[in-house]
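Scroll down for the structure; my scribbles are underneath it.
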Amino acid sequence: MGEAIVITSGKGGVGKTTTSANLGTALALQGKKVCLIDTDIGLRNLDVVLGLENRIIYDLVDVVEGRCKIHQALVKDKRFDDNLFLLPAAQTSDKSAVNPEQMKKLVDELKQEYDYIIIDCPAGIEQGYKNAVAGAEKAIVVTTPEVSAVRDADRIIGLLEKEEHIDPPKLIINRIRNHMMSSGDMLDIDDITTHLSIDLIGIVMDDDEVIRSSNQGEPIALNPNSKASIAYRNIARRILGESVPLQAIGESKTGVFSKIKKLFGVK
Amino acid sequence: MKKTHNVMIKGTKDGLTLHLNDQCSYLELKEELEEKLSIHHIEVEESPLISVKIQLGNRYLTAEQEEELKELVRHKRNLVVGDITSNVITKEEANKLQEVNDIFSITSIVRSGQILEVPGDLLLVGDVNPGGTVLAGGNIFILGALKGIAHAGVNGMREAVIAASVMIPSQLRIADCLNRAPDHYNKEDHHEMECAYIDDSNHIVIDRLQVLKHLRPNINRVKGGY
């Protein structure tokens, strides 16, 4: 029996889709059987980031409306032998084409076969969000070190806490710019975690390589040399239950050790 | 059979008091009240308004019935109804009354978009994040950071206070007063252990928690103990 994790944020453009693609990739690299679901009906792009766009035959709406079987709609990623699959969203309808009950049924069915179901949630708190969280039992909230993104993350955490079937959400802080954080122009990690008061599961540095690789349809997690890739792989390991220390921010003197100390509140 | 008087009118310094019998039917009462008021009808032009208190004894009146009586009195002469008092209230009203005097302790984080409302005093163990709102009929005490909106004394209790361990609100409201936060909080200022109240000039001011002891001694619920 697998585990369904919804990746959400409230605000758009903070990196939900990139995070979904890379966590899926990183988990698949660890040998887990992963199914990614894109619930952003009408504005899908998880398929593009994964480079699977031209293999889509059926989509999520086809499955819930009974036009095809689930396994017909799943797109296999050939880079990971039988470990990574994508259930793409429809591009032609809108969010109301699916309801939460249908999503729950679908996710429950997929849980029988896969270790992890990663659900990519659309921005906003309307129908699309409700569909995305319906089948999940875990949630990861993605935010960036900006006040507006943190505010929306706060809102979404409030909503997630009301869902009884979902465990307390975990936090990923994305697009950290080392020089801005150390100069105080950006919210720092401590500010964000104390403000939102949920567990931090990972931080990801802002990296040009992320944009380059997603444009090429190759998730950055495949490239072992980039900082962002290591960050995503670390998050995947934490999802699997390993305890991995947080990455050090930049080349400054705050090493891994002081970061851990900070984590435990030792100044 | 001797007719008992269901309506007794007494004059006091502050006006008239109508003592209404609580043993007769409401209809009888209404009729007699109407009659009594007509008998004593003396039309004096430009006579000053007289305030009337109505005492119902052990009778319970619905809101409509109260309105009916008020209308009756107002209609007859240059009288104004001050208040209607009764020894009885419904269970519902009694519960409400009790709730208003209760302290509601809640441990939670009030996040953006969430509203937490209580009828009495609020004791919140947790933060109020920006975009979150807490409302209380009485005082608000927050063991945590107040970064959102707090509204104390929503039903007009101007003596209500707002106290927080960390006071960096986006807005403070007490009864009908409103106070907006400065556009920027200085990061060096800590704003710890502060309270807000309405001062003599009708403005919400923020001060150290310790001043409450002198300004609002009514917050104390327990007598003695030291």
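The values are calculated or read from the model by the stated rules, or taken from the named source; none is laboratory data. All values reported here derive from a predicted model rather than from experimental measurement. Every residue, glycine among them, receives a Cβ derived from its backbone with ideal geometry; neighbour counts consider all protein chains shown. Side chains included, ligands, DNA and RNA excluded: accessible areas come from the protein's heavy atoms. Shrake-Rupley method; radii C 1.70, N 1.55, O 1.52, S 1.80 Å.
Observations, loosely collected:
- Complete set of residues in region A:165-188 that are more than 12 Å from chain B (Cβ to nearest Cβ), in contact (Cβ under 8 Å) with a residue 40 or more places away in the chain and within 24 Å of residue A:238 (Cβ to Cβ): A:166, A:172, A:174, A:175, A:176, A:178, A:181, A:186
- Selection status of residue B:54, aliphatic (A, V, I, L, M), away from chain A (no Cβ under 14 Å) and closer than 30 Å to residue A:151 by Cα: no
- Selection of region B:69-85 for residues being open to solvent by 40 Å² or more (accessible area, probe 1.4 Å) and within 20 Å of residue B:28 (Cα to Cα) yields B:70, B:71, B:74, B:75, B:76, B:85.
- Subset of region A:25-71 [under 27 Å from residue A:237 (Cα atoms) and in contact with a Cys (Cβ under 8 Å, 6 or more places away or on another chain)]: A:39, A:40
- Filter result for residue A:162 (surrounded by fewer than 18 Cβ atoms within 10 Å (Cβ to Cβ) and within 14 Å of chain B (Cβ to nearest Cβ)): yes
- Selection within region B:113-142 - touching a His at 6+ places or on another chain (Cβ under 9 Å) and either within 14 Å of chain A (Cβ to nearest Cβ) or open to solvent by less than 10 Å² (accessible area, probe 1.4 Å) (or both): B:127, B:129, B:130, B:133, B:134, B:136, B:140
- Residue check, residue A:142 of a type in the set (A, V, I, L, M, F, W, C), more than 14 Å from every other protein chain (Cβ to nearest Cβ) and assigned to a helix (DSSP H, G or I): no
- Selected residue [under 16 Å from residue A:28 (Cβ atoms) and among the charged types (D, E, K, R)] from A:69, A:78: A:78
- Just one residue in the set B:150, B:196, B:163, B:145 is more than 27 Å from residue B:98 (Cβ to Cβ), assigned to a strand (DSSP E or B) and open to solvent by less than 20 Å² (accessible area, probe 1.4 Å); that residue is B:145.
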